[in-house]
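Below is one structure; the comments refer to it alone.
The values are calculated or read from the model by the stated rules, or taken from the named source; none is laboratory data. Owing to the predicted nature of the structure, the values given are computational and were not obtained by experimental measurement. No Cβ is skipped: glycine too gets one built from the backbone with ideal geometry, and neighbour counts run over all protein chains shown. The area values use the complete protein model at the heavy-atom level, side chains included, leaving out ligands, DNA and RNA. Shrake-Rupley method; radii C 1.70, N 1.55, O 1.52, S 1.80 Å.
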Amino acid sequence: SQMMTVGSLFAGIGGFDLGFERAGFTVRWQVEIDPFCCAVLESHGERILGRDICDFHPSGETIDIVVGGFPCQAFSIAGKRKGFDDTRGTLFFDLARILRAKQPRLFVFENVKGLCNHDGGRTFRTILTTINELGYDCQWQVLNSKDFGVPQNRERIFIVGHLRGGSKIGRAHV
């Protein structure tokens with residue numbers, strides 16, 4: 001069987017990617033703007049193809065899965081919760097642009113739990129509508145890191161999607 005490939009957006013220091021690599025996937029590229037995060041990625045020999053997602057236009061090889069924890073400050077209860085009015089909130093649409101360009105079979109996105117009810121649920125509905133219009137079906141679930149043996153209480157929403165009409169894959173167990 002062929003190894004599945006991953007493209008990572010908002011890669012941070014590569015924690016999400018490390019999980020995929022340990023599960024046998026190959027991370028082909030990463031996009032990260034923070035210079036300190038990039039320094040960590042480079043020290044691990046990772047392949048950073050883009051610094052600013054707004055300027056990132058993927059080309060070339062097929063990617064099976066796109067992953068990313070898109071910026072959540074715009075949706076977090078700790079922030080001002082401006083959502084799509086905050087330029088960080090609009091970075092979701094860059095993520096959507098990359099999904100449209102690469103058409104990966106799968107994606108896994110992560111964000112704060114507050115995304116679910118931000119702006120009376122309108123922000124999350126906009127995200128789900130956009131994903132649907134791109135040809136993906138998706139499921140989501142709020143998970144807490146404390147339930148997975150990690151000494152922290154951190155609730156996050158995970159959105160897992162698959163391209164409609166493609167080859168059927170096994171049901172994801174999150």
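As a summary of the residue check, Phe75 satisfies the conditions (1) surrounded by 14 or more Cβ atoms within 10 Å (Cβ to Cβ); (2) modelled with pLDDT of 80 or more except for the one numbered (2). Of the residues making up the range 95-121, those that are more than 13 Å from the chain's Cα centre (by Cα), in a helix (DSSP H, G or I) and within 25 Å of Arg154 (Cβ to Cβ) are Lys113, Gly114, Leu115, His118, Asp119, Gly120, Gly121.
Residues in the range 32-52 that are part of a helix (DSSP H, G or I) and among the small types (Gly, Ala, Ser) were compared, and the one that is most open to solvent (accessible area, probe 1.4 Å) is Ser43.
Taking the options Cys116, Cys138, name whichever one is open to solvent by 20 Å² or more (accessible area, probe 1.4 Å), in contact with a helix residue (DSSP H, G or I) (Cβ under 8 Å, 6 or more places away or on another chain) and within 13 Å of Arg164 (Cβ to Cβ).
Cys138
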